[in-house]
Amino acid sequence: MSLLCRSFITMFCLLMLGNGNLWGRTLPNSPGQVWQVSRQWSIEEEQQYATWVAKTVTEDFFLRYHIPVDCADVPYAVRWIYARIAHLPAAATTEDGHLIGHWSTNWNRLPTSRDWFHDRRFRAALLYLLEKTSTRTIAKDTYPIRIDRESIQAGSIFFVEGHAGIVGRIVLDGSMFSPIQTWEATLPRRVTKLRQRSFYSTWPDIKDGTGLLHFRWPVFSHGRWKYPPEKDQPFYSVEQYSPEFCRPGQLFDEAVARRIDPKTYDPQERVRLIIGSIYRYLQERVPLVKEGYRHCRRSVCSEGTYLWEAYSTPNRDDMIAFEISHLIKLIKDDGIAEEAVKKDMEGKTLSIGDGHSVTLNYVVQNYLWFSHDPGDSIEARWGLCKCNTIGNRMRDTLKDLNFIEKKYRTTDPKYADYSRNLRLRDLRDLQNKGQDAGCGNLPHLPLEKEKSSTDDQLQIRQVER
């Protein structure tokens, strides 16, 4: 640790110790509060939190404990669960401006339990927290941090353009698009698996409180729990908002990645590492698809059911697709011998079930046609039924078009035109890909000239028939 960093920590600790009751040895507790606290946040506690997040938070974390989440819920829920386990303080600002936390007694009639997931009082408070917080409150409970390996760790928060999540782990071997791997969820709030992604972000805005953040530490002072000033929090910095943060022509997420992992990788070695990473994720997908197929042959696995959430793979497939597109770009930009890469990928085989095998090279060429529906056949899940997949996606897009026409053509014609054009573009792209693959009996596209929604609905009914 640098002398400057040690000096900062020393000054911070002295400030806290000298500020009245801020860090008293005995923390106030009442029998009816959500959970009892016996420890206080520190840099060491944050490191323990980071270790816990990296080891404990997995794709099915909230599914396993049946906790409904959306994007903003992920940072809050993970933080509160850990604070409950470690007997640390936790707070949050509700949308109506109230500060709630572990000290709240609104649920004092509910019983507690040693284990957080059996603790009815804690679970009730947690669900209330998730209902009363959102991306509109995150900036009130967080502060911007310095961008380096010491401050960015598992559990750190990213918040940009109305979307939030947490850092899940840091990968420092060059095998991913970004060394920062995140866990995210999307709207609507539901019990679902988390989505893993490489950190991808536009420029943060200091006015909106977006960027890479840490939770503020609640402290007890003058008879109540409160937040200390942001500038007194460890690793506080506004450097990420500076125009000089990025090199000329560099994107924000690229600048962040460079600061976390400044190592320069040999292009061929980087390609080899990324291929290995993609192959491992595909190997993990094999048993998940097989298990989903086994369950869904006997049970209903429609979207929204538990089996759908457990065995569908939209998030995993999106992550694999992103890394494959990154691999393809690297091969092209760095002038890597494409034939040698293909030969290497042909040697990596996946036994997907029902007597079928595919190579990694096949996956790279056909990943767009994977099905994430656990009710589909093994062949469809791995893109072996390309024409059926293209036809189904075209029919789904036509249904979306029909819905838009019925709902918005009269009330919001401009939005209807905009959405119609987007879906027509998607339909043309799917049709072209189907024709290139030699697919027959593809659905017909609606006419692109202006016409009534009744005509659209008639044509779509004919397609569905």
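Brief remarks on what is shown
- Count of segment 214-240 residues which are among the basic types (Lys, Arg), in a strand (DSSP E or B) and surrounded by 18 or more Cβ atoms within 10 Å (Cβ to Cβ): 0
- Segment 55-100: number of residues that are closer than 21 Å to residue 163 by Cα and of a type in the set (Gly, Ala, Ser): 5
- Candidates 200, 143 - the one that is in a loop (DSSP other than H, G, I, E, B), touching a residue at least 12 places away in the same chain (Cβ under 8 Å) and under 21 Å from the mean Cα position of the chain (by Cα): 200
- One residue alone among 350, 330 is under 27 Å from the mean Cα position of the chain (by Cα), farther than 26 Å from residue 381 by Cβ, outside any loop (DSSP other than H, G, I, E, B) and of a type outside the set (Ser, Thr, Tyr), and that residue is 330.
- When residue 309 is tested against the conditions (1) out of contact with any Leu (no Cβ under 7 Å at 6 or more places or on another chain); (2) assigned to a helix (DSSP H, G or I), the lone failure is (1).
- Residue check, residue 139 in the same structural domain as residue 225 (by TED's automatic domain parsing), surrounded by 17 or more Cβ atoms within 10 Å (Cβ to Cβ), closer than 24 Å to residue 186 by Cβ and in contact with a Phe, Trp or Tyr (Cβ under 9 Å, 6 or more places away or on another chain): yes
- Residue check for residue 267: in contact with a His (Cβ under 6 Å, 6 or more places away or on another chain) and surrounded by fewer than 18 Cβ atoms within 10 Å (Cβ to Cβ): no
- Across segment 324-353, the qualifying residues are those that are modelled with pLDDT under 95 and in contact with a Phe, Trp or Tyr (Cβ under 8 Å, 6 or more places away or on another chain), and the one among them that is farthest from residue 185 (Cα to Cα) is 353.
- Single residue of segment 235-255 satisfying the filter (touching a residue at least 60 places away in the same chain (Cβ under 8 Å) and within 10 Å of residue 203 (Cα to Cα)) that is farthest from the chain's Cα centre (by Cα): 241
- Among residues of segment 169-181, those that are buried (at least 23 other Cβ atoms within 10 Å of the Cβ) and out of contact with any Ser or Thr (no Cβ under 6 Å at 6 or more places or on another chain), counted: 2
- Just one of the listed residues (341, 363) is under 29 Å from residue 442 (Cβ atoms) and touching a residue at least 12 places away in the same chain (Cβ under 8 Å), and it is 363.
- Every residue from segment 353-376 that is part of a helix (DSSP H, G or I) and within 25 Å of residue 305 (Cα to Cα): 368, 369
- Only listed residue being crowded, with 19+ Cβ neighbours inside 10 Å, in contact with a helix residue (DSSP H, G or I) (Cβ under 7 Å, 6 or more places away or on another chain) and modelled with pLDDT under 95, chosen from 401, 360: 401
- Qualifying helices (runs of 4 or more DSSP H) (wholly inside segment 24-112; at least 3 residues being among the β-branched types (Val, Ile, Thr), within 30 Å of residue 305 (Cβ to Cβ) and within 21 Å of the chain's Cα centre (by Cα)): 73-86
- Cβ-Cβ under 6 Å pairs, at least 6 apart or on other chains, segment 391-416 side farther than 24 Å from residue 432 by Cβ, far side among the aromatic types (Phe, Trp, Tyr) and buried (at least 17 other Cβ atoms within 10 Å of the Cβ): 415/408; 416/408
- On the stretch given as segment 433-458, residues that are in a helix (DSSP H, G or I), surrounded by 11 or more Cβ atoms within 10 Å (Cβ to Cβ) and modelled with pLDDT of 50 or more total 3.
- Test: residue in segment 216-228 that is more than 29 Å from residue 104 (Cβ to Cβ), at pLDDT 95 or above and touching a Pro at 6+ places or on another chain (Cβ under 9 Å): no
- Against the test of being touching a Cys at 6+ places or on another chain (Cβ under 7 Å) and in a helix (DSSP H, G or I), the options 379, 405 yield a single qualifying residue, 379.
The values are calculated or read from the model by the stated rules, or taken from the named source; none is laboratory data. Predicted model only: the values in this text are computed from it and were never measured. Positions of Cβ are generated from backbone atoms using ideal geometry, with glycine treated the same way; all protein chains shown enter the neighbour counts.
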